[in-house]
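S.K.: Can you keep this structure in mind? I'll have questions shortly.
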Protein chains: 2
Amino acid sequence: MKRTAFFISDGTGITAETLGQSLLAQFENITFQKLTRPYIDSAEKARAMVQQINTAAEKDGMRPIIFDTIVNQSIRDILAQSDGFMIDIFSCFLSPLEQELNASSSYSVGKSHSISHSANYMERIEAVNFALDNDDGARTHYYDKADLILVGVSRCGKTPTCLYMAMQYGIRAANYPLTEEDMERLQLPAALKQYKSKLFGLTIDPDRLTAIRNERKPNSRYASFAQCEFEVREVENLFRRENIPHINSTHFSVEEISAKILVEIGVERRLK
Amino acid sequence: MKRTAFFISDGTGITAETLGQSLLAQFENITFQKLTRPYIDSAEKARAMVQQINTAAEKDGMRPIIFDTIVNQSIRDILAQSDGFMIDIFSCFLSPLEQELNASSSYSVGKSHSISHSANYMERIEAVNFALDNDDGARTHYYDKADLILVGVSRCGKTPTCLYMAMQYGIRAANYPLTEEDMERLQLPAALKQYKSKLFGLTIDPDRLTAIRNERKPNSRYASFAQCEFEVREVENLFRRENIPHINSTHFSVEEISAKILVEIGVERRLK
């Protein structure tokens with residue numbers, strides 16, 4: 001049994017989708033087909049949406065669930081005529097907020113994921129550039145400008161984490177891969193030593209690392225379980241010996257790893 | 001006058017923050033200090049939060065606004081004793097959903113931004129790797145595997161857009177910078193011709209491009225307004241001549257550009 005859910009917005013759809021996903025995740029035994037429909041910002045598009053919703057209703061034999069963040073009331077009124085079950089995200093909270101803040105909502109469209117101000121935009125692009133330029137130990141002479149330097153074995157998730165932190169928080173995160181030679185030397189590479197306070201370690205279960213490396217270089221020594229296990233053991237020893245805070249990325253998403261790192265090291269995000 | 005807003009969660013805080021930001025954006029005349037507090041998952045942490053909230057209340061002389069997605073009722077009960085004004089995101093919607101779905105919420109923590117299943121995780125990492133490997137025209141022989149190839153002048157926003165689409169939607173997006181030589185040839189580079197159906201163009205206002213390039217290479221010919229204007233004009237002519245769908249990125253965030261591209265080309269996201 002499958003149930004259709006629509007995330008409908010007059011903007012990007014990110015808010016409707018994020019909240020909708022969170023709420024639906026609480027119903028683990030139901031399978032949802034999730035459809036995001038951004039930029040529904042005219043009566044005409046709303047009427048086309050009603051048709052899509054009604055078609056899904058007929059096919060499923062059940063009302064689709066509609067999560068919407070449409071601000072314009074006349075567009076919402078059209079959607080309300082569909083056969084869907086509407087979860088009205090904004091109006092549920094806007095009037096209590098208006099009361100508490102003693103101010104009127106501007107009822108303006110697509111505010112939250114727009115370019116709010118140019119400074120924020122530049123911070124973010126700079127942070128993404130920083131992550132790219134300082135990825136995988138490519139350069140180490142800009143570490144003085146880094147908010148954070150992620151360290152760990154190859155393919156443990158450093159790059160996606162740095163990019164996510166740049167995009168989401170504007171944090172300038174470099175990353176440096178610890179290699180077999182670093183481990184044999186039993187100490188931190190020289191480039192990292194003076195920035196020890198910025199280091200954060202990522203580790204990973206050896207089986208998971210084996211699987212990920214095999215996607216990249218199948219049947220190589222690099223991807224063998226023995227090699228992965230050796231590197232992970234050594235790097236974890238290094239983290240402990242050098243007192244580098246670290247987490248195991250195996251069971252966490254990039255969002256979770258990033259949020260946990262922020263909590264742990266207390267770096268301030270640059271995007272407001 | 002400044003008002004404090006807390007986004008509090010037992011997980012990453014992404015849902016509370018996303019919805020809270022959207023709602024607060026509707027009150028343009030009020031300045032908020034926004035604080036995200038993830039992983040508030042014990043009575044002890046909740047009591048520490050209450051102290052933070054009460055301190056802010058005293059400092060501001062007004063109740064802080066609390067957006068929370070905490071699932072555990074006894075932790076929520078502690079927060080409810082604070083001096084904040086609570087916007088109770090989950091409970092507002094969970095009981096109507098339970099009724100409509102005829103199922104009980106599992107009231108489980110941090111579901112929405114966890115690794116839901118391994119296939120999704122791999123899709124996402126693959127997409128990020130694809131974007132990195134095929135960034136800035138670095139390689140063109142994997143374009144058969146691309147969902148999308150972004151084209152445009154240097155520094156018009158191609159790379160962040162590709163990375164965001166990879167991270168958020170699992171879409172494999174390559175990007176190719178159109179250079180002066182391409183424009184002088186008045187035609188698409190050979191590497192792109194056979195993948196014309198995958199092309200999407202980004203353009204940008206010349207003044208904005210000048211500002212962005214000046215951050216990178218101050219006072220260069222590359223960053224001069226004349227050069228930027230020339231390149232933008234030529235590339236827009238190329239898009240029109242070759243019938244390549246395109247948008248102007250100047251006034252849009254990476255999220256908006258990505259959402260608009262998806263709507264326009266109808267590529268299916270790979271993450272469910």
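S.K.: Looking at A:122, A:49, can you tell me which residue is open to solvent by less than 20 Å² (accessible area, probe 1.4 Å), without any contact (Cβ under 8 Å) to a residue 60 or more places away in the chain and more than 17 Å from residue B:28 (Cα to Cα)?
M.R.: Checking each option against the conditions leaves just A:49.
S.K.: Could you check how many residues of the stretch A:83-106 are within 20 Å of residue A:10 (Cα to Cα), at the interface with another protein chain (Cβ under 7 Å from one of its Cβ atoms), of a type outside the set (A, V, I, L, M, F, W, C) and surrounded by fewer than 19 Cβ atoms within 10 Å (Cβ to Cβ)?
M.R.: Counting residues in the stretch A:83-106 that are within 20 Å of residue A:10 (Cα to Cα), at the interface with another protein chain (Cβ under 7 Å from one of its Cβ atoms), of a type outside the set (A, V, I, L, M, F, W, C) and surrounded by fewer than 19 Cβ atoms within 10 Å (Cβ to Cβ) gives 1.
S.K.: Residue B:270 passes all but one of (1) out of contact with any helix residue (DSSP H, G or I) (no Cβ under 6 Å at 6 or more places or on another chain); (2) of a type outside the set (S, T, N, Q); (3) surrounded by 13 or more Cβ atoms within 10 Å (Cβ to Cβ); which number fails?
M.R.: So residue B:270 meets the others, but not (1).
S.K.: Considering the stretch A:51-72 alone, what residues qualify as being under 22 Å from residue A:18 (Cα atoms) and not in a loop (DSSP other than H, G, I, E, B)?
M.R.: Result: A:52, A:53, A:56, A:65, A:66, A:67, A:68.
S.K.: Can you confirm whether the stretch A:14-29 contains a residue that is touching a residue at least 12 places away in the same chain (Cβ under 8 Å), hydroxyl-bearing (Ser, Thr, Tyr), open to solvent by less than 20 Å² (accessible area, probe 1.4 Å) and within 28 Å of residue B:14 (Cα to Cα)?
M.R.: yes
S.K.: For residue A:212, all conditions in the list (1) within 14 Å of chain B (Cβ to nearest Cβ); (2) in a helix (DSSP H, G or I); (3) modelled with pLDDT of 95 or more hold save one; what is the number of the exception?
M.R.: Result: residue A:212 fails condition (3) only.
S.K.: Return the total of residues in the stretch A:150-187 being surrounded by 22 or more Cβ atoms within 10 Å (Cβ to Cβ), touching a helix residue (DSSP H, G or I) at 6+ places or on another chain (Cβ under 6 Å) and farther than 19 Å from residue B:131 by Cα.
M.R.: Qualifying residue count, the stretch A:150-187: 8.
S.K.: Sticking with this structure for a sec: Going through the stretch A:214-223 one residue at a time, which ones are out of contact with any Asp or Glu (no Cβ under 9 Å at 6 or more places or on another chain), surrounded by fewer than 16 Cβ atoms within 10 Å (Cβ to Cβ) and free of Cβ contacts under 8 Å to residues at least 24 places away in the same chain?
M.R.: Passing the criteria: A:217, A:218, A:219, A:220, A:221.
S.K.: Are there any pairs with C-beta distances below 8 angstrom linking a residue in the stretch B:53-82 that is surrounded by 17 or more Cβ atoms within 10 Å (Cβ to Cβ) to a residue that is assigned to a loop (DSSP other than H, G, I, E, B) and basic (Lys, Arg), with the two at least 6 apart or on different chains, and if so which?
M.R.: B:57/B:63
S.K.: Just give me the residues in the stretch B:150-171 being more than 10 Å from every other protein chain (Cβ to nearest Cβ) and more than 10 Å from the chain's Cα centre (by Cα), in sequence order.
M.R.: B:150, B:151, B:152, B:153, B:154, B:156, B:158, B:162, B:170, B:171
S.K.: Of the residues A:53, A:40, A:30, which is within 9 Å of chain B (Cβ to nearest Cβ) and aliphatic (A, V, I, L, M)? Even if it seems obvious, please write down each step before you answer.
M.R.: Working: A:53 fails: within 9 Å of chain B (Cβ to nearest Cβ); A:40 fails: within 9 Å of chain B (Cβ to nearest Cβ).
Answer to the selection: A:30.
S.K.: For the stretch B:35-46, give me each residue that is open to solvent by 20 Å² or more (accessible area, probe 1.4 Å) and either over 20 Å from residue A:93 (Cβ atoms) or touching a Lys or Arg at 6+ places or on another chain (Cβ under 7 Å) (or both).
M.R.: Across the stretch B:35-46, the qualifying residues are B:38, B:39, B:41, B:42, B:43, B:44, B:45.
S.K.: So, in the stretch A:239-272, of the ones that are without any contact (Cβ under 8 Å) to a residue 24 or more places away in the chain, part of a loop (DSSP other than H, G, I, E, B) and of a type outside the set (Gly, Ala, Ser), which residue ends up nearest to residue A:188 (Cα to Cα)?
M.R.: Filtering the stretch A:239-272 for residues that are without any contact (Cβ under 8 Å) to a residue 24 or more places away in the chain, part of a loop (DSSP other than H, G, I, E, B) and of a type outside the set (Gly, Ala, Ser), the one nearest to residue A:188 (Cα to Cα) comes out as A:243.
Okay, residues lined up against (1) under 21 Å from the mean Cα position of the chain (by Cα); (2) among the polar types (S, T, N, Q):
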residue	(1), (2)
B:186	no, no
B:190	no, no
B:193	no, no
B:197	no, yes
B:202	yes, no
B:210	no, yes
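S.K.: Step by step: first the residues of the stretch B:245-259, then only those that are surrounded by fewer than 23 Cβ atoms within 10 Å (Cβ to Cβ) and either farther than 14 Å from residue A:111 by Cα or in contact with a strand residue (DSSP E or B) (Cβ under 6 Å, 6 or more places away or on another chain) (or both), then the one that is modelled with the lowest pLDDT. Which residue is that?
M.R.: B:250
S.K.: In the stretch A:168-190, how many are in contact with a Phe, Trp or Tyr (Cβ under 8 Å, 6 or more places away or on another chain) and over 16 Å from residue A:153 (Cα atoms)?
M.R.: The total comes to 2.
S.K.: Now for a separate question. Based on what the data block shows, is residue A:32 open to solvent by less than 20 Å² (accessible area, probe 1.4 Å) and not in a helix (DSSP H, G or I)?
M.R.: Taking the combined requirement at face value, the residue does not satisfy it.
The values are calculated or read from the model by the stated rules, or taken from the named source; none is laboratory data. Keep in mind it's a predicted model, so treat the numbers as computed, not measured. Backbone-built Cβ (ideal geometry, glycine too); neighbour counts: all protein chains shown. Just so you know, the surface numbers come from the protein's heavy atoms only, side chains and all, with ligands and any DNA or RNA stripped out. Shrake-Rupley method; radii C 1.70, N 1.55, O 1.52, S 1.80 Å.
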